[in-house]
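Take a look at the structure below.
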Amino acid sequence: MVSFVSFVEAMSYIDKSTPKIHNSKYDTNFVDKAKEILQIYSKKIVLPVDFVYMKDFNETLAVDLGPATIEKYKNKLVGSKAVFWNGPVGYYEKKPYDFGTQEIARIITSLQNCYKVNGGGDTVSSIDKNILGKFDWVSMGGGATLDYLVK
């Protein structure tokens, strides 16, 4: 099974000494836990390798996955028997920075012989409705879905 977490959580795993990453939105409460998880599961966690950037006043922010990361994720997903996706992969509220989220959705829904789950209100609202209908199961309750899976 392949699991996706949100872009914000993924950013928490990345070295903040890189200036273009440092200024990007991420969950400061999750950084220490992310480091701990990465030490334990480094072979199972696939992190972004490039980003799309946006200039916002005096800051340059990573706002979406770059093409190399999308290709990397696609290669990881091919052949999966089940995919659980929770959380958009970029700044989906503003075009064109929703491209990564839409592309990941297209990749997941094109998988053959794969059970595809989409969990979470942000994830559901971020995806084109024509693509959303191609998931096998959709839940607006991301946190509740994650709690259910843990138990």
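Values quoted throughout were computed directly from the atomic coordinates according to the rules given, and no laboratory measurement underlies them. The structure presented is a predicted model; accordingly, all values stated were derived computationally and were not measured. Note that each Cβ is placed from the backbone with ideal geometry, even for glycine, and that neighbours are counted across all protein chains shown.
A few comments on the model shown:
- Set of aspartates and glutamates with alpha-carbon distance to LYS116 below 13 Å, sequence-local pairs under 8 removed: ASP136
- Computed about the Cα centre, the dipole magnitude for the range 41-151 is approximately 500 debye when only Lys and Arg (+1) and Asp and Glu (-1) carry charge, each at its Cβ.
- Of LYS35/LYS134; LYS44/LYS151; LYS43/LYS72, pairs whose Cα-Cα distance is over 23 Å: LYS35/LYS134
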